[in-house]
1. Count charges around B:M47 for me, please; just the other residues with Cβ under 10 Å from its Cβ, Lys/Arg as +1, Asp/Glu as -1.
2. Distances in nm, one decimal, shortest first, from A:A141 to the same residue in every other copy, taking the label point 7 angstrom along Cα→Cβ.
3. Which whole number gives the average count of other chain Cβ atoms within 10 Å of the Cβ atoms across peptide B:88-97?
4. Quote the charge dipole size of the stretch B:11-151 about the Cα centre in Debye, to the nearest 20; the model charges only the Cβ of Lys and Arg (+1) and of Asp and Glu (-1).
5. Using alpha-carbon positions, what is the distance between the centroids of the stretch B:75-122 and the stretch B:1-68, in Å?
6. Among all lysine pairs in chain B that are eight or more places apart or on different chains, how many have alpha carbons less than 23 angstrom apart?
7. Give me the angle, in degrees from 0 to 90, between the Cα long axis of helix A:3-22 and the longest principal axis of the Cα atoms of chain A, rounded to the nearest 10.
8. So how strong a dipole does the protein assembly as shown carry about its Cα centre when Lys and Arg Cβ are +1 and Asp and Glu Cβ are -1, to the nearest 20 debye?
Protein chains: 2
Amino acid sequence: MSLTKAREMMNEALNLARYAAVQGEVPVGAIVVKDGIIIGRGANRPMESHDPTAHAEIIAIREAAAYLGNDRLTGCDLWVTLEPCAMCAGAIAHARIARLYYGADDAKGGAVAHGPRLFEQTTLHHKPEIYAGIAADESAALLKKFFAERR
Amino acid sequence: MSLTKAREMMNEALNLARYAAVQGEVPVGAIVVKDGIIIGRGANRPMESHDPTAHAEIIAIREAAAYLGNDRLTGCDLWVTLEPCAMCAGAIAHARIARLYYGADDAKGGAVAHGPRLFEQTTLHHKPEIYAGIAADESAALLKKFFAERR
């Protein structure tokens, strides 16, 4: 994949993160892509939806699975602006996501490169290819601005 | 809580696990309880619902959060027939479940007493009280029968 294409994909996720921020939710966005087509979109919204599982990744994965009519997202890529937490990393494994592309690191709550590093655990039965740090500065800036405005 | 009361609660979760088996889904059931009242129920159904996140715990937590109109299930208990996986343990933390009661151990996919032991990780920001092994034999027998019939 070209850098331009990667940037284009992550921009879609960043736009969803910006939408989350406008709604007063922590700005994280995600998309699921199959054969170059976006088949799932998620903007983080646990508060507004009264759903603690409504992280961007979970919403995008559920939408993509409904679209495909299958609980396995074989051959699908997930793009998300922030390193996934334990819940979302678990969902990524259950969904059999082929490639995970993420933006900023999450040293406090991330479960891919931090904490339990879930995809290195043998009890997770699927491991996607992982590409980190895509448009990381932009994603981190969105989060920083969001939290600064709420202090 | 009395042993009789605990047994009664886990029986509700076991009935949901039996329902899952009838639908051809791995038999796991869960309930969310607040002040002695069941406010969320879940029978595992990822295949039927085309949703890789549709584990019993996630369904029960989403239902309870919708009922309370809050993404935080403060003061709520989760009863589930099987040790939660990473995805569900993460959701339990996000939901701020007060007490987790579970049945059978899951050495292959569990994330509470096995694998990443998520609630011992500092990157999980909430840890419930944990009570394991409630009606564990009955839960394990349901799972064993289910997989034996599919071989």
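Read-outs throughout are calculated quantities, based only on the coordinates presented, and are distinct from any laboratory measurement. Being a predicted model, the structure only gives us computed values, none of them experimental. Note: ideal-geometry Cβ built from the backbone for every residue, glycine included; neighbour counts use all protein chains shown.
1. Numbers: positive: A:R72, B:R45; negative: A:D71, B:E25, B:E48, B:D51.
Result for the neighbourhood of B:M47: -2.
2. Copy-to-copy label distances at A:A141, shortest first: 6.2 nm.
3. Per residue, the average neighbour count from other chains is 6.
4. Magnitude of the dipole: close to 140 debye.
5. If you average the Cα positions of each part, the centres end up 14 Å apart.
6. Going through chain B pair by pair, I get 5.
7. With both axes taken from Cα atoms, the answer is about 50 degrees.
8. Values: 34 positive and 36 negative charges, 15 e Å.
Magnitude of the dipole: close to 80 debye.
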